[in-house]
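Notes follow once the structure below has been shown.
Each reported figure results from applying straightforward, stated rules to the coordinates on display, with no laboratory input. Note that the structure is a prediction, hence the values are computed from the model and not measured. Glycine gets a Cβ as well: all are built from the backbone with ideal geometry, and neighbour counts include every protein chain shown.
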């Protein structure tokens with residue numbers, strides 16, 4: 001064989017082929033590119049599936065979090081060999097990863113710090129391009145009774161209905177609550193509207209004996225806690 005002849009994955013040693021390697025050594029032995037290559041299945045005339053996967057990962061600085069934010073149409077447009085079916089497969093895998101993280105959070109439903117709340121809501125809110133407001137309703141031991149979305153808005157803001165939040169809290173016999181929303185801009189600093197809703201919900205909670213423990217603003221790589229900043 002000519003040394004310049006390009007090998008496809010079938011020509012690789014069996015222990016180096018992604019699927020066979022996974023069977024022999026387990027998923028943990030594979031690189032991100034090899035795992036993505038298995039999802040892709042095949043490359044193009046110039047690249048194997050793994051090489052195409054490496055190029056896709058390189059485009060997002062080898063960061064799976066960034067890959068999870070890519071639009072299906074952009075994957076199709078930017079990478080030769082990625083059609084609709086493969087792009088959908090990648091997007092589905094990223095979504096499953098997000099949902100797995102959500103499932104793991106359920107195992108620890110007690111709120112012990114602002115970090116606990118951030119880890120719970122990061123998979124839900126961090127990738128969104130619009131604002132959403134959620135409330136955690138807690139019992140006396142700060143264990144989660146219910147997690148509810150109370151509003152969904154645009155890029156620059158949303159409005160939360162204090163009456164609806166308090167009705168949910170009373171109906172759930174909650175003793176405490178945590179308000180949480182995201183800032184798509186990536187700036188976790190609270191706005192005047194954020195300060196206003198925090199004060200209004202805190203006052204409503206005091207009247208109904210449902211304590212507002214914190215208000216968490218979630219961004220991709222950071223968060224703001226009113227409690228941690230001494231503003232509760």
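A few notes on this one:
- For peptides 125-138, 218-231, sequence by mean Cβ density within 10 Å, most packed first: 125-138, 218-231
- Radius ratio Rg over Rh of segment 108-225, counting only Cα atoms, Kirkwood formula for Rh: 0.93
- Value of Rg to Rh for segment 30-128 (Rh from inverse mean 1/r over Cα pairs, i.e. Kirkwood): 1.07
- Rounded to the nearest angstrom and listed largest first, the equivalent-ellipsoid semi-axes of the chain from its Cα gyration tensor are 46, 18, 13.
- One Cα centroid belongs to segment 69-128, the other to segment 35-49; the line between them spans 22 Å.
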